[in-house]
Amino acid sequence: MAEADSSSEELYDETNWVLYKYRVDWKDVTPVPQDDGPYPIVAIVYSEKFQDIYDYFRAVLKSSEKSERALQLTKDALDLNPANYTVWQYRREILKHLNKDLIPELQYVKEMIEDNPKNYQVWHHRRIIVEWLQDPAYELSLTETILSQDSKNYHAWQHRQWIIRTFKLFQNELQYVNQLLDEDVRNNSAWNQRYFVINNTTGFKPDVVQQELMFTLDKIKTVSNNESAWNYLRGVLLHHDGGISQDQNVRQVCEELYSSGNRSPFLLAFLVDMCEENMERDDGDKEESLRRALQLCDVLANEYDTIRREYWNYMARSLAQRMDCPEREATGSTKTD
Amino acid sequence: MATLMKDIILSSSHPKELLLQKHADFISSYGVNKDEYEYCMTEYLRMSGVYWGLTAMELIGNLERINKQEILEFIKLCQDDAGGIGASVGHDPHLLYTLSAVQILSMYDALDIVNVDRLVQYVKSLQQPDGSFCGDKWGEVDTRFSFCAVACLSLLGKLEEIDVEKAVEFVVSCMNFDGGFGSRPGSESHAGLIYCCLGMLSITGHLHYVDADLLGWWLCERQLPSGGLNGRPEKLPDVCYSWWVLASLRILGRLHWIRRESLVTFVLACQDPETGGFSDRPGDLPDPFHTIFGLAALSLLGEPAIKPVNPTYCMPQHVVDRLGLRPQKLTL
């Protein structure tokens, strides 16, 4: 095999790879093979390239060599396995030690994220580099690129929330959320982000609550069998003085959907909760609320949501019980083992 | 309007019986007959891989097929001077692998082969002022690590070494409007992280913070027409969520809210009838991760051929009993 006389990256492309053990500029390093102890757990058969790179990685780790060539070596090691957190940690130590320009590192980790969008280590490396730089300029667009391929990628959302919170970038976020909901109204991550933004900016003040109710009801009217939208509706109503049952608009939309024949389990479930709340209010017709709630639980259990029959039967029992002894809360019946 | 739902369709060709012996063969040969690429690629999580494999073997009564001495020597070599344990020899210590190692050692009743005092100090050093835990010295914070820390210390009988109240406070701050939990405050509810948070609250005896009916409902909403469970709304079912959702429901005392028979059918369909082992979905390649969670889920669902599993620790119940641990559970 031809010996290499330079460590330049271009020399070692896919077709032209030279093992580290044949490289002149690594002649001074003695590779360190993997040692799983006296009883290797399994017979290890590394590929030659993998073994070569990691033997040299272990060698630089052992000698604490923090050099340009060691930096390049970590890149080769990460190309083979981007989940190896020890290599990432050592790469950061080298970056610090050499006081490297971090902008090219951002570009590098961006490529790694694009290739491995569900890998914890690449995202964490990104965060640390951004923390070192104290510059969030590229983060929104990076996460948007990733979310355009998988709109529920948990790592991307986590990174985006961190960036937005840390660098106060809430300004255009609702717009982005709206765009995602226009693309897919069932995107639970986008609904969650909506809550995150409002909770950290205006808060759920009465006028914001009204605006959010209108927004959500509108989405529910278009697609009613949407768990995420109904959950968000409940989330908003946590901030409503009238609970979930007293808002005129909410009641109206729900009753209209029901009258029009809509039997989405989420609609019916919501009506059950409205009845439950009415039962607890002094001015409500308790008997009628209970009757309706039990009827809804019955059709949910036996017709519209049969897979969760046990849950609806439980709800029915617990509502009926509460009517008998009203001081008991639903969760009050939960005991510790 | 049409109901669109992400799900899979089970065909009649998928396995319907539990292939116990094949699973034992799959685990015991894993790492021997596997191709080299896969082995290299999983080195960074080897300690957890060993925990998954051993727990699976113990649950199906085949642990004696594993060479205990080899495993103990390996774990010993993975502990670094600071006390933490890495995924493999020469890897940096991490809370994830420290917990896996402590789980294995608890199962083997061999905690004395590592330096427990240092290990406890390591876990303690990762707690942050807000009560959260980092996974390692590089500071990634996540509710997974809150679970790892308290699970690890409770197995060692050293829970009092950390600020438990603060740790609970952080986990509770990750509770969402839908009753679930995410990785950090504001992060979306996710069944895997709900399991970690409930497990953490179960070990520390703080389940009263949870709205058990609301969260129980969210969790049983994860069941799809195929019988399988997903981890978030509008995601595909996956065997690993059979464990995380089911264990969470068991901790909440609401396991019966899902439809047992159809989940059993889904989990059994994820077995590989040739090699043994479970995959994420029917027809995909099996691995030890999905194998332990498939077996543990079937155990929770009452499969008599599998030993009882503890829902909080994902360890054989008899081991948790031997250690005298009684993690909190709710009952209806």
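In region B:172-187, whose amide N lies under 17 Å from the spot 7 Å out along Cα-to-Cβ of B:ASP211? List them in ranges.
Under cut-off, by backbone N: B:172-182, B:186-187.
Mind jotting down the distance between the C-alpha centroids of region B:279-329 and region A:256-323, whole Å?
35
Mind giving me the FRET efficiency for A:ASP184 and B:SER173? R0 is 25 Å, r the Cβ-Cβ distance, nearest 0.05 is fine.
Between A:ASP184 and B:SER173 the formula returns 0.30.
What number comes out for the charge environment of B:LEU268, summing +1 per Lys or Arg and -1 per Asp or Glu over other residues with Cβ under 11 Å away?
Values: positive: B:LYS16; negative: B:GLU17, B:GLU261, B:GLU303.
Summing Lys and Arg as +1 and Asp and Glu as -1 gives -2.
If contacts are Cα pairs under 8 angstrom and at least 6 residues apart, what is the relative contact order of chain A in percent?
Dividing the mean separation by the residue count of chain A yields 7 percent.
What's the longest piece of chain A with no exposed GluC sites (Glu not before Pro), counting a site as exposed if DSSP puts it in a loop and it has at most 12 other beta carbons within 10 Å?
No qualifying site falls inside A:4-326, the longest such stretch.
Whole percent per 20 Å bin, from 0 to the bin with the longest distance: what is P(r) over all C-alpha pairs of the protein assembly as shown?
All Cα pairs considered, the percentages come to 17, 50, 29, 5, 0.
Might you work out the accessible area of B:MET175 for me, using a 1.4 Å probe with all protein chains in place, and round it to the nearest 10 Å²?
Counting only protein heavy atoms, B:MET175 exposes about 60 Å² to solvent.
Rolling a 1.4 angstrom probe over the protein chains, ignoring ligands and nucleic acids, what is the accessible area of A:PHE204 in square angstrom, nearest 10?
30
Using a 1.4 angstrom probe with every protein chain in place, what is the largest-first accessible-area order of B:ARG118, A:ARG281, B:ARG144?
Per-residue accessible area, sorted high to low, gives B:ARG118, A:ARG281, B:ARG144.
How high is the relative contact order of chain B, given as a whole-number percent (alpha carbon pairs under 8 Å, six or more residues apart)?
Reported as a whole number, the value is 20 percent.
Testing the spin-label approximation: label points 7 Å from Cα along Cα→Cβ at B:SER28 and A:ARG263. State their distance in nm.
Between B:SER28 and A:ARG263, the simple spin-label model gives 5.4 nm.
Please count, across region B:20-323, the pairs of lysine residues with Cα atoms under 14 Å apart that sit 8 or more places apart or on different chains.
4
To the nearest whole number, what is the average tally of beta carbon atoms from other chains within 10 Å of the beta carbons of peptide A:179-186? Show your work: numbers first, answer last.
Details: counts 0, 0, 0, 0, 0, 2, 0, 5.
For this peptide, the per-residue mean of nearby foreign Cβ atoms is 1.
PRE reach from A:ALA137 (point 7 Å along Cα→Cβ): which of region A:81-123 fall under 18 Å by backbone N?
Output list for this probe position: A:100-111.
Let me know the Kirkwood hydrodynamic radius for region B:20-323, please, with Cα pairs as the basis and the value in Å to one decimal.
Taking the inverse mean of 1/r over all distinct Cα pairs, region B:20-323 comes out at 19.4 Å.
Among residues other than B:HIS23 whose Cβ falls under 14 Å from its Cβ, what is the net charge (Lys/Arg +1, Asp/Glu -1)?
Around B:HIS23, the surrounding residues sum to -4.
In Å², and per residue, what accessible area does region B:20-323 have when probed at 1.4 Å with the other protein chains present?
Accessible area per residue: 31 Å².
How large is the accessible surface of B:LYS68 in square angstrom, using a 1.4 angstrom probe and rounding to the nearest 10?
80
Of the trypsin sites (Lys or Arg not before Pro) in region A:145-195, which ones lie in a loop per DSSP and count no more than 16 other C-beta atoms within 10 Å?
On the way: sites: A:LYS152, A:ARG160, A:ARG165, A:LYS168, A:ARG186, A:ARG194; in loops: A:LYS152, A:LYS168, A:ARG186.
Within region A:145-195, the qualifying trypsin sites (Lys or Arg not before Pro) (loop, at most 16 other Cβ atoms within 10 Å) are A:LYS168.
What is the distance in Å between the Cα centres of region A:198-217 and region A:146-166?
Cα centres, region A:198-217 to region A:146-166: 22 Å.
Give the ranking of A:PHE57, A:PHE215 by solvent-accessible surface, highest area first, calculated with a 1.4 Å probe.
Output order, biggest surface exposure first: A:PHE215, A:PHE57.
Give the ranking of B:SER106, A:SER64 by solvent-accessible surface, highest area first, calculated with a 1.4 Å probe.
Accessible-area ranking of B:SER106, A:SER64, largest first: A:SER64, B:SER106.
What range in chain B is the longest one free of GluC sites (Glu not before Pro) that are in a loop by DSSP and have at most 15 other Cβ atoms within 10 angstrom?
That would be B:18-273.
The values are calculated or read from the model by the stated rules, or taken from the named source; none is laboratory data. Quantities reported herein were computed from a predicted structural model and do not represent experimental measurements. Here Cβ is always computed from backbone atoms with ideal geometry, including for glycine, and neighbour counts include all displayed protein chains. We work out accessible area using only protein heavy atoms, side chains counted, and drop any ligands, DNA or RNA first. Shrake-Rupley method; radii C 1.70, N 1.55, O 1.52, S 1.80 Å.
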